[in-house]
1. Could you tell me how many degrees, from 0 to 90 and to the nearest 10, lie between the Cα long axis of helix 2-27 and the main elongation axis, the longest principal axis, of the Cα atoms of the chain?
2. Can you give the angle from 0 to 90° between the axis of helix 38-62 and the longest principal axis of the chain, with both taken from C-alpha atoms, to the nearest 10?
3. How far is helix 69-85 tilted, in degrees, relative to the longest principal axis of the Cα atoms in the chain, given as a value from 0 to 90 rounded to the nearest 10?
4. How big is the chain along each principal axis, measuring the range of its Cα positions in Å and listing the largest first?
5. Between 27, 54, 107, where does the largest GNM mean-square fluctuation fall for the chain, given springs only between Cα atoms within less than 10 Å?
6. Just the C-alpha atoms of the range 58-97: what Rg/Rh do they give, with Rh taken as the Kirkwood radius?
């Protein structure tokens with residue numbers, strides 16, 4: 001299922017963003033916006049939009065308990081922001097980490113619901 005694969009990719013990107021954040025702080029460097037930040041952000045933003053559309057459709061079709069379209073929208077918005085923020089050493093550590101944790105929670109809930117739905121089909 002495409003939604004499951006996309007969800008896993010976004011979970012991986014959350015960890016990558018966290019790793020990048022620590023690396024940029026360690027190196028104490030500013031990224032090249034047009035050669036580093038923008039190409040990566042454009043790719044991830046497209047993946048987020050695709051995931052968001054698939055998740056909306058799945059939620060509307062399956063009506064999972066305790067998972068709502070608003071959570072998907074919030075996760076997508078937060079992720080679009082922290083992917084870019086991960087390149088900058090001046091990003092607030094506390095807010096950045098909390099945003100990633102929030103998105104990971106939503107992604108894990110969605111993944112659990114997808115797996116439950118797969119188990120019910122078999």
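Derivation of every value follows stated rules applied to the coordinates shown; laboratory data play no part. Bear in mind that the values here come from a model prediction, so they are computed numbers and not experimental data.
1. 20 degrees
2. Taking Cα atoms only, the helix is inclined about 20 degrees.
3. Long axis of 69-85 versus the principal axis of the chain: about 20 degrees.
4. 50, 26, 23
5. Its mean-square fluctuation being the largest, the pick is 27.
6. Rg divided by Rh gives 1.18.
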